[in-house]
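Participant: Here it is, the structure, as structure tokens.
Every read-out reported here was derived from the displayed coordinates using simple, explicitly stated rules and does not represent laboratory data. All of these numbers come straight from a predicted model, not from anything done at the bench. Quick reminder, even Gly has a Cβ in these numbers, built from the backbone with ideal geometry, and neighbours come from all protein chains shown.
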Amino acid sequence: MAATISAESVSLEAASVIVDQALVKGRELKLKPLAVAVLDPRGCLKAYKAEDGASLMRFDIAFGKAWGTLGMGFGGRELERRGDSAELFFNSLQAMSDGKIVPAQGGVLVRNQAGQVVGAVGVSGDVSDKDEACAIHGIVAAGLKPDTGDPV
């Protein structure tokens, strides 16, 4: 089910598909309650849902996963690798961003068919690689390309 997309920003329709389909994937995998945030390229919230039972910090974590990928320009896997190898730098980023960056899997850049970044998705609730699988599923369901930070 492809959603209408803008060349420069994930549309509200596409963001809604991403959120809903990420949650569907989480239910299929029998994951803990998830929270899913979709941001536009400016880092502004476009769509968000949290399942019943999602814990208090889930919005902040999902938002931080997505926001960090946008801010650094690469997906959560690469963000996590760099965070592990450059602790001082990432501590500085945390301070500069008021703690908004969460360098972990589950933050995925959203690219259009031309390869432009049109937004980002953050999923939180289960282990990070399963969160990421849900984000990827939602992005693909919206007819867009996920960028996890790993080479294609």
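Participant: Which value, in debye to the nearest 20, gives the size of the charge dipole of the range 12-147 about its Cα centre, when Lys and Arg are +1 and Asp and Glu are -1 at the Cβ?
Facilitator: For this selection, approximately 160 debye.
Participant: Convert each backbone phi in the range 129-142 into a coupling constant with the Karplus relation 6.51 cos²θ - 1.76 cosθ + 1.60 (shift: θ = phi - 60°), then list the ³J(HN,Hα) values in order as whole Hz, x for Gly and Pro.
Facilitator: Per residue, the Karplus-derived 3J(HN,Hα) values read 5, 6, 4, 4, 4, 5, 4, 4, 4, x, 5, 5, 4, 8 Hz.
Participant: Aspartates and glutamates within cross-link reach of Lys30: Cα-Cα under 19 Å, excluding same-chain residues under 8 positions apart?
Facilitator: Here the aspartates and glutamates satisfying the reach criterion relative to Lys30 are Asp20, Glu51, Asp52, Asp126, Asp129, Asp131, Glu132.
Participant: Another question about this same structure. Going through the range 1-81, which trypsin sites (Lys or Arg not before Pro) have at most 15 other Cβ atoms within 10 Å and a DSSP loop state?
Facilitator: Those that pass, being in a loop and sparsely packed, are Lys30, Arg42.
Participant: Determine ³J(HN,Hα), in whole Hz, for all residues of the range 109-118 in sequence, where each value follows from phi through the Karplus function 6.51 cos²θ - 1.76 cosθ + 1.60 and θ = phi - 60°; x replaces Gly and Pro.
Facilitator: Those phi angles translate into 5, 10, 10, 7, 5, 7, x, 6, 6, 10 Hz.
Participant: Right, something else. Which whole-Hz ³J(HN,Hα) couplings does the range 91-104 yield from phi under the Karplus relation 6.51 cos²θ - 1.76 cosθ + 1.60, θ = phi - 60°, glycine and proline marked x?
Facilitator: 4, 5, 4, 4, 5, 5, 9, 6, x, 6, 8, 10, x, 8
Participant: Specify which residue in the list Gly43, Val102, Gly115 is farthest towards the positive end of the charge dipole of the range 1-145, using unit charges on the beta carbon of Lys, Arg (+1) and Asp, Glu (-1), about the Cα centre.
Facilitator: Highest projection toward the positive end goes to Gly115.
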